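The values are calculated or read from the model by the stated rules, or taken from the named source; none is laboratory data. As the structure is a computational prediction, the values presented were derived from the model and not from experiment. Here the Cβ positions follow ideal geometry from the backbone for every residue, glycine too, while neighbour counts run over all protein chains shown. Areas reflect the complete protein model, heavy atoms only, side chains present, ligands, DNA and RNA absent. Shrake-Rupley method; radii C 1.70, N 1.55, O 1.52, S 1.80 Å.
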Amino acid sequence: MDTRTHPARERLVRLREALASAGVHALLVPSADPHLSEYLPGHWQGREWLSGFTGSMGTLVVAADKAALFADSRYWVQAEAELAGSGIELVRIPTGASPMHIEWLARETPRGATVAVDGTVLGLAAAQALRNALDAAGVALRTDADLLEAVWPERPPLPAAPVYEHRPPHATTPRAARLAAVREAMARHGATHHLVSTVDDVAWITNLRGSDVEYNPVFLAHLLVDARGARLFIGAGKVDAALAAALAADGVALVPYGEAAAALAALGAADVLLVDPRRVTLGLRQRVGSGCRVVEATNPSVLLKSRKNDAEAAFVREAMAEDGAAMCEFYAWFEQALGRERITELTVDERLGAARARRAGFVGPSFSTIAGFNANGAMPHYRATPSSHAVIEGDGLLLIDSGGQYLGGTTDITRVWQIGRLSAAMKRDFTLVLKGTMALSRTRFPRGTPGPMLDAIARAPLWAEGIEFGHGTGHGVGYFLAVHEGPQSISKAVPTPDMAMEPGMITSVEPGVYRAGQWGVRIENLVLAVPAATPESTTFGEFLEFETLTLCPIDTRCIERALLREDEVAWLDAYHATVRARLEPRVQGDARAWLLERTRPL
């Protein structure tokens, strides 16, 4: 790329002119929308448009004389390449939740100057931290304008795709029952009203799905629940007449998307509004009527939807089997074609997606497939593009992280495969990561243990060798919803009460090793927290353990056998026996032969 012609340079010039006209020294551009979503509709991808950085997470700050992008280790290699020549500095942060951009603004902004951010996409909790830091630095904060609007003429419109109903049998709980459960929680907080803005919570409560956000079956809407009904603030034409009537029968009225703020402003002294400060924006919070009392607590639906019921768990197991059968079909083709056909990282994405599309209940991918060969596998969030991708040939490790959205569940799996010959160092890294995956998968722990307390279990085999990875070990997963779901998190995050592990929670287990410029290893399964039968339960209370849900062989050719204990070998052989038993009835021919070969006991 000619660094003098990076698109960001001209866009930053236009933005700085707008900032100067508005009397603003610096603009904060978070990766967020009015629903604080992780994956954004094009209309709110201003950070990507301005900087050229395409990673799913990152924060951009543009000041009058400099600009910086804040990204964690998952994106460092990618960000370096995409920002080259842009005039934007990459600031490496330890985790995605790091407040370093706030510290940077407080340090770099002259006293008496103004920092701006669009309050409609700034989380309430984040706004408080930002305001505190800037107040201490003598810097003003402006949140009343979207300054991108004037400099982004080709800005995409709001999505207009229709909304549809998630129906039984896969929708296992009626909408009325979910609304009733939310109202019970509201009553415990003494709330008369509850605002829900996060799109996966809205979708879960209403049993509705959509396609406004890539890879996530959600739609843009706010939901205001009261003791007798609910108002769904949604774009015109997105709900057809039949669905509108079904919603009305459950007390859900449709209101134009842009009227949510006005509805909050109409709340008065007789009302008590429940909001989640981590899941509502400053802009909406500021519109709440002055006489209304506000109670801050986690959205009740966050915990409710994280605990899958028995019927949902059964459908998830079915989705995992369909997903596993698709992967058998793909990998059988892949191993036969390798060396005979030209296969690239893009081919992997195409062929694996096609195999999934042939399975029952498949709706679409749950995220953009990561197929990284050798050095590309060292970038945790790598994405092959037509202009930049590798041919899979020669020797090394191929990392494939992929997933599907099914009517009965959401899948997310990472496997690493031998290509040609492997070095001893590659096998060692693979085996250490596998030991971490197995260690956490086999763990028993008291019910209610905060997820972050489990994180070190997966890291211990790597730590013992002086190896670390920069991302969390596990994230929650939705039920035909977001592939990243809270409140549970197995990571280095500071534990909070709502991170307690409970029965029915689905979580990923995915330790890794990443050697920049060489290779990456990550082995990921999804697991379900289930009650564990222990002889001491009457004395020490209820314990939980993990049921491994993901069904796909782990490449035993990559293992350094001497590094595994006999109990670890036994676990792996038992896992492969389960994979074989569950998938064999669903595959035939080459796929069946591949399955039988790759699940042979170690």
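Of note:
- In the chain, helical runs assigned H by DSSP with n ≥ 4 each contribute -39500 (n - 2.57); averaged across all residues and rounded to the nearest 500, the mean residue ellipticity at 222 nm is -10000 deg cm²/dmol.
- Structure note, pairs 427/492; 238/492; 238/308; 305/427: Cα-Cα distances above 30 angstrom occur for 238/492; 305/427.
- Of the peptides 451-458, 565-572, the order by per-residue mean of other Cβ atoms within 10 Å, starting with the highest, comes out as 451-458, 565-572.
- Estimated FRET transfer efficiency when R0 is 60 angstrom, pair residue 296-residue 578 (beta carbons, to 0.05): 0.85
- Measuring nothing but protein heavy atoms, the accessible surface of segment 251-292 at 1.4 Å probe radius is 54 percent carbon and sulfur.
- Environment charge of residue 477, counting only residues whose C-beta is closer than 10 Å and scoring Lys/Arg +1, Asp/Glu -1: -1
- Computed about its Cα centre, the charge dipole of the chain is approximately 160 debye, with only Lys, Arg, Asp and Glu carrying charge at their Cβ.
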